[in-house]
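Here the structure is laid out as structure tokens; the discussion comes afterwards.
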Amino acid sequence: MAKIITVTSGKGGVGKTTTTAAIGAALARTGDKVVVVDFDVGLRNLDLIMGAERRVVYDFVNVIQGDARLPQALIKDKRLDSLFLLPASQTRDKDALTEEGVDRVIGMLAQHFDWVICDSPAGIERGATLAMRHAEIAIVVTNPEVSSVRDSDRIVGILDSKTLRAERGETVDKRLLLTRYDHARAARGDMLKTEDVLEILSLPLLGIIPESNDVLRASNMGVPVSIHDPNSVPARAYQDAALRLKGENIAMELPRQRGGLFSKFLRRAA
Amino acid sequence: MTFWKRIFPNTSAPQARERLQILLSHERQVLGGGDLLARLREDILAVVAKHVPCDQDNVKVRLERGTPMSILEIEVEVRGDFDQALVRAA
């Protein structure tokens, strides 16, 4: 039976889709069967980040409405044999996703995959609550910035009340993924530090993804950042996060740029 | 001046941290309270409906926050013949 993960944040533009693709690819690279599911009906983008935008024929809504069978809608990744994508629909009908439909499709996916990763739309509307409905693990993607932290806190409250697990009196395993982290700015006191965000949100840390050009470069190419340049700093950070999801005990290495206190003084003096 | 700034840098992160801590402790109360009100509403409706006919939509629970006192206001709308039912019961 699959583990069902929801990647969520409340706020838009913090890196949910990037994270879904990167974690999905990193898990698939270890040999696990993974499906990433785009819940952002009307504004799908996971297909683009995965480089599969020209291969979309049927989508999530087609499957729910019975216009396509699930295997027809699943797109197999070009690079990794065990990675699949279920794209969202571009329909403007917000109510195209139904609770029953989502339950049925997630149930089918859970039988065939090791991991089902749901990419939530921004906001706290229907699409977002449907995306988190089946979550066993929630990755709360947060930037070290006030509005993102506030929205993450709100999402944590919703994870604790609106999910199937919450309704059954159980809890969703919530993990914080800090993205776009700039170690130098945090060290200067101009960006919230990891410890600050952890203390404010009191969530366990899944990983820290540094601000990096590699992320934009990978999205330009339509390749999940974790496999685009597997040795880049963000790729390694995502691979570590994926291993932590698998229960491995990987030390939380701060993804810092080189340069300690001494070289900083040198730079200032120069 | 630059020397002074280097020793006591004018940083913004501590402000962000403090503002968030104050805001979130407030929002958690209010939003957590939202759930509490929904539960109260359900329980009150169940008790009232056991004795008099009333509609699900006609129960209002409001919480007005203040210092040093908050007011919990409960308004249950019942059908017009409610008091006659009481008289008959007596």
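The values are calculated or read from the model by the stated rules, or taken from the named source; none is laboratory data. This one's a predicted model, so the numbers in the text were calculated from it and none came from an experiment. Note: ideal-geometry Cβ built from the backbone for every residue, glycine included; neighbour counts use all protein chains shown. With ligands, DNA and RNA removed, areas are computed over all heavy atoms of the protein, side chains included. Shrake-Rupley method; radii C 1.70, N 1.55, O 1.52, S 1.80 Å.
Tell me the residue from A:161, A:152 that is within 14 Å of chain B (Cβ to nearest Cβ) and open to solvent by 20 Å² or more (accessible area, probe 1.4 Å), please. Before you say what the answer is, go through the steps one by one.
On the way: A:152 fails: open to solvent by 20 Å² or more (accessible area, probe 1.4 Å).
Only one candidate qualifies: A:161.
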Subset of the stretch A:20-57 that is out of contact with any Ser or Thr (no Cβ under 7 Å at 6 or more places or on another chain) and polar (S, T, N, Q) - its residue that is surrounded by the most Cβ atoms within 10 Å (Cβ to Cβ): A:20
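Would the stretch A:183-203 turn up any residue that is within 21 Å of residue A:48 (Cβ to Cβ), at pLDDT 95 or above and open to solvent by less than 20 Å² (accessible area, probe 1.4 Å)?
Within the stretch A:183-203, the subset within 21 Å of residue A:48 (Cβ to Cβ) is none.
Scanning the stretch A:183-203, I find no residue that is within 21 Å of residue A:48 (Cβ to Cβ), at pLDDT 95 or above and open to solvent by less than 20 Å² (accessible area, probe 1.4 Å), so the answer is no.
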Only residues that are touching a Lys or Arg at 6+ places or on another chain (Cβ under 9 Å), in a helix (DSSP H, G or I) and either of a type in the set (Asp, Glu) or away from chain B (no Cβ under 13 Å) (or both): list them for the stretch A:184-222, please. A:196, A:199, A:215
Sort through A:182, A:190, A:214, A:229 and tell me the only one that's more than 18 Å from the chain's Cα centre (by Cα) and closer than 30 Å to residue A:85 by Cβ. A:229
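Of everything in the stretch A:109-127, what is loosely packed, with under 15 Cβ neighbours inside 10 Å and at pLDDT 95 or above? Give them in sequence order. Spell out the reasoning first.
Just the residues of the stretch A:109-127 that are loosely packed, with under 15 Cβ neighbours inside 10 Å, to begin with: A:111-112, A:125.
Those that are loosely packed, with under 15 Cβ neighbours inside 10 Å and at pLDDT 95 or above: A:111, A:112.
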Yes/no for residue A:128 being within 30 Å of residue B:17 (Cα to Cα) and touching a Pro at 6+ places or on another chain (Cβ under 6 Å): yes
How about the stretch A:90-179: which helices (runs of 4 or more DSSP H) wholly inside it have at least 3 residues that are in contact (Cβ under 8 Å) with a residue 60 or more places away in the chain and closer than 23 Å to residue A:199 by Cα? A:146-159
Pair list, Cβ under 9 Å, 6 or more apart: the stretch B:40-57 residue closer than 12 Å to residue B:77 by Cα, other residue basic (Lys, Arg): B:52/B:79; B:53/B:79; B:54/B:79; B:55/B:79
